Amino acid sequence: MNLTALPAFTDNYIWMLDDGQQALVVDPGDAAPVRDALQRMGLTLTAILLTHRHADHVGGISSLQNGRIPVYGPLSTAIPQVTHVVSDGDHVRWANRVFQVLATPGHTDEHLSYFWQDQTNPVNEVPLIFVGDTLFSAGCGRVFDGRIDQLYNSLMRISALPDATRVCAAHEYTTGNLRFPQTVEPLNPEVAQALQRCIALREEGRPTLPSSIARERLINPFLRCTQPNVLASVHAHGCEDTRPEAVFEALRTWKNNF
Ligand SMILES: [Zn+2]
C-alpha cells in the first residue's frame with residue numbers, strides 16, 4: 001500500500017493511499033491535485049475520508065465525487081456531501097483495510113481521525129493515523145468551535161497509539177512550529193535535530209510528514225505537559241497550575257500569541 005502526500009493550496013496535504021489500482025483520499029480541499037495524481041499514477045478513486053468541515057478539507061469533494069464514490073465523515077450540516085456518517089468506534093472498510101474512527105474534537109466539535117493498524121502482522125506495515133487539524137508535527141490545532149479540554153483529551157488519545165504510528169497531519173507547518181518548542185524547551189536536543197532534519201527536507205522540496213507518535217512525544221510540547229522542563233517553562237510564563245490540562249491550556253494560549 002502506498003501513502004502519498006499531495007500538496008494543495010499553500011501548505012495543505014491531501015493524503016492518498018493506493019494499492020496500485022484503487023485510491024482513497026483524505027480531506028480533498030481541492031480536486032485538481034487529486035485528479036492529477038490519479039491520472040499520473042493510473043488509479044481509480046474509490047473512497048473519500050473527511051476529518052472535519054473546514055473548506056480547505058472539503059472543497060474538492062463535489063467535483064471528485066460524481067455521486068458514486070462513498071464519502072465517510074462526521075455528522076455536520078456544513079458537509080452534505082457525506083454519504084456515510086461515521087462516529088467514534090465505527091469502522092470504515094476499504095481495499096482489505098479496516099480504519100478505526102476516533103472522535104478527536106477540539107479544533108472543531110465534529111473532528112474525527114482515522115486509524116489503521118495491521119492486526120494480523122504488525123511488522124508488515126506500520127500503523128497510520130489521519131489526524132486532520134488535531135495534531136501537527138511539533139504543534140496542534142487551534143480551538144475554533146471545539147473546547148480546549150476536548151483538544152487535550154483528543155491529543156492524549158492519539159499520543160497513546162503505538163510508537164511507530166505514522167502521523168498524517170493536514171498541514172506542512174513543521175519548520176515554523178518548531179520555533180515554539182525551541183522556546184519552551186531550549187535544551188531539548190530532539191527539537192534541534194528535528195529542525196535540522198525538516199529544514200533539509202524542505203530545501204529538497206520534500207514533506208516533513210508523516211511524523212510518528214514516538215517523535216511527537218519527544219518534540220511536541222503539547223504532548224509533553226508532564227515533563228519537568230515544560231512545567232518550569234510554563235510556570236515562568238505565568239501559569240501556576242501544574243495539572244496537565246492547565247499546562248496544555250497555558251501552552252495553547254502562549255502559542256496563540258507567539
Ligand atoms: Zn481546520
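The values are calculated or read from the model by the stated rules, or taken from the named source; none is laboratory data. Keep in mind it's a predicted model, so treat the numbers as computed, not measured. Virtual Cβ from ideal backbone geometry, glycine too; neighbours counted across all protein chains shown.
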Identify, from the list Asp109, Asp56, the residue that is more than 17 Å from Ala31 (Cα to Cα) and among the acidic types (Asp, Glu). Asp109
With the stretch 39-117 as the region, which strands (runs of 3 or more DSSP E) entirely inside it contain at least 1 residues that are touching a Pro at 6+ places or on another chain (Cβ under 6 Å)? 44-49, 112-116
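Each row is one residue, and each column tells you yes or no for (1) within 19 Å of Met1 (Cβ to Cβ); (2) within 16 Å of the ligand (Cβ to nearest atom); (3) in contact with a Cys (Cβ under 9 Å, 6 or more places away or on another chain); (4) polar (S, T, N, Q).
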| site | (1), (2), (3), (4) |
| --- | --- |
| Gln119 | yes, no, no, yes |
| Ile129 | yes, no, yes, no |
| Thr134 | no, yes, yes, yes |
| Gly139 | no, yes, no, no |
| Arg142 | no, yes, no, no |
| Gly146 | no, yes, no, no |
| Asp149 | no, no, no, no |
| Tyr152 | no, no, yes, no |
| Arg157 | no, no, no, no |
Show the residue pairs that are 6+ apart or on different chains and have beta-carbon atoms under 6 Å apart, the first residue being within the stretch 34-59 and touching a residue at least 40 places away in the same chain (Cβ under 8 Å), the second being more than 16 Å from the ligand (Cβ to nearest atom). Thr46/Gln22; Ala47/Leu24; Ala47/Pro70; Ala47/Trp94; Leu49/Tyr72
Name the residues in the stretch 55-73 that are under 20 Å from the mean Cα position of the chain (by Cα), β-branched (Val, Ile, Thr) and either away from the ligand (no atom under 16 Å from the Cβ) or farther than 21 Å from Asp109 by Cβ (or both), would you? Val71
Pick from Ser76, Ser87: which is of a type in the set (Gly, Ala, Ser), away from the ligand (no atom under 13 Å from the Cβ), more than 21 Å from Ala5 (Cα to Cα) and at pLDDT 95 or above? Ser87
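Residue-wise test of (1) among the basic types (Lys, Arg); (2) free of Cβ contacts under 8 Å to residues at least 12 places away in the same chain; (3) out of contact with any Leu (no Cβ under 6 Å at 6 or more places or on another chain); (4) closer than 21 Å to Ile219 by Cα.
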| residue | (1), (2), (3), (4) |
| --- | --- |
| Val86 | no, no, yes, no |
| Val92 | no, no, yes, no |
| Val98 | no, no, yes, no |
| Leu112 | no, no, yes, no |
| Gln117 | no, no, yes, no |
| Pro162 | no, no, yes, yes |
| Arg166 | yes, no, no, yes |
| Thr175 | no, no, yes, yes |
| Phe180 | no, no, yes, yes |
Helices (runs of 4 or more DSSP H) enclosed by the stretch 174-258 - at least 1 residues per element that are in contact with a Cys (Cβ under 6 Å, 6 or more places away or on another chain) and closer than 20 Å to Val131 by Cα: 174-177, 244-256
